[in-house]
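Here's the structure, in structure tokens; my notes come after.
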Amino acid sequence: MARRLRRGWAVSIFDNFSRRGTKENAAWLKTRGPVQIVKGDIRDLGAVGRWVGKRKAVHPSEAIVMDEA
């Protein structure tokens with residue numbers, strides 16, 4: 001995700017932040033550029049559908065793990 005921010009992509013994260021470290025990873029990512037954070041549960045198909053419907057590309061939430069590459 002950090003690489004995508006450097007390339008000028010608009011990044012939005014949809015996650016319930018239940019896994020250890022995800023809030024810290026999202027906070028770190030926000031220091032790299034503008035990031036929209038949407039707290040939600042992947043099991044809520046309506047919420048996922050509304051979020052996905054506004055995106056050009058969707059990546060798994062695991063993609064927010066810090067990458068300096």
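The values are calculated or read from the model by the stated rules, or taken from the named source; none is laboratory data. For clarity, every value in this text was computed on a predicted model and none was experimentally measured. Cβ coordinates were reconstructed from backbone atoms using ideal geometry, including for glycine residues, and neighbour counts include every protein chain displayed. The accessibility values were calculated without ligands, DNA or RNA, using every heavy atom of the protein model including side chains. Shrake-Rupley method; radii C 1.70, N 1.55, O 1.52, S 1.80 Å.
Worth pointing out:
- Cβ-Cβ contacts under 8 Å between residues 6 or more apart (or on different chains), taken from a first residue in region 3-25 that is hydroxyl-bearing (Ser, Thr, Tyr) to a second residue that is assigned to a helix (DSSP H, G or I), are listed as SER12/TRP51; THR22/SER61; THR22/ILE64.
- Residues located in region 39-52, provided they are open to solvent by 100 Å² or more (accessible area, probe 1.4 Å) and within 12 Å of the chain's Cα centre (by Cα): LYS39
- Taken together, the residues in region 1-38 that are hydrophobic (A, V, I, L, M, F, W, C), open to solvent by less than 30 Å² (accessible area, probe 1.4 Å), farther than 16 Å from LYS56 by Cβ and in a helix (DSSP H, G or I) amount to 3.
- Candidate set from region 39-59 (those that are among the β-branched types (Val, Ile, Thr) and part of a loop (DSSP other than H, G, I, E, B)); member that is farthest from SER18 (Cα to Cα): VAL58
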